[in-house]
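Chemist: Structure in structure tokens, see below.
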């Protein structure tokens, strides 16, 4: 009898995280197939959009599998090289017309920069960055300034997320008040510069319009007959129309509904498969379906926190903290935008929204989390009394 395994692939690490990710992928395929109506009508190909999405999910899971089987020391040692490479890509994109895409519209470097910055900062902070304020600036603050400065032209929300995650990692990993004061001053100067010159920086005007539209529609606008001409003008903007359509979709879903593929607003909501996919899910499965999906994400975050508890104060704990903040921020920003609680940002719902680069990068982040979980499990089996990851990283 052949003793070879029928399925030679071994999924290691936290099995519950694997199950949740596969569940989210299934939800993604169903939701994207339903919400790509406008894409299919434009191209005339009923399967092109969903086939592309499934392909990127498969590529993403392949990356996830490969990365979760490797030791973390490789990622730590290579992080400066990856940082140098992504900075070169961001410089090329910065001087392009669009300011966001590389190789046409197939690669978005700002998404890649998220995970590279997390791994790089985890390395330099855990290594001590040289111990002086000068070295702290050049090895920690300057790379953050460089990456965020190059990204903010084309994708402001990604720059904000990277900056926020970086500051959180600094406050967790850099001991000493001087470093934290220097970081806070750095953020203040960076934001002051941006607010002074945002209209001249790439999509700054778009960001301003989105925030103004959200504030006006949420807090200020009444009936257009009230004499508020600014309100009437805002009602004509694309951002206002998309946000309003998403809200109508949520209302039409009611509390409980099971109607896959029967969304009406997917025909008018241009980013139904991406920026507003959570609203489409609620329209087809009701508020109960949206709450259930949020619970699934909360369970996922809880499992990540359990992995973090097994880490010592080292590279792994900082890296996991950064990845946790990135994924959590994207999730709740997307949900906030879909329900009208935040201005439009263009952030995907992790593991569900369409997007080539974003799906692969999200899978890579989970690959790093699962690699940490695998190492924690191996160490606990070797030394049950030791709950911390004892790898050299």
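Just so it is clear, none of the values below were taken in a lab; they were calculated from the coordinates. What you are looking at is a predicted structure, and each value in this text was computed from that prediction instead of being measured. Here the Cβ positions follow ideal geometry from the backbone for every residue, glycine too, while neighbour counts run over all protein chains shown.
Chemist: Just to be sure I understand the model, the point goes 7 Å from the Cα along the line to the Cβ. What's the resulting residue 142 to residue 84 distance in nm?
Modeler: Placing both labels 7 Å along Cα→Cβ, they lie 1.4 nm apart.
Chemist: Using a 10 Å cut-off around each Cβ, can you sort 89, 311, 363 from fewest to most neighbouring Cβ atoms?
Modeler: 89, 311, 363
Chemist: To continue, here is another question. Rank these for me by crowding, 275, 127, going from fewest to most other beta carbons within 10 Å.
Modeler: Result, fewest neighbours first: 127, 275.
Chemist: How high is the FRET efficiency from residue 299 to residue 181, r the C-beta distance, R0 41 Å, rounded to 0.05?
Modeler: Here the calculated transfer efficiency is 0.60.
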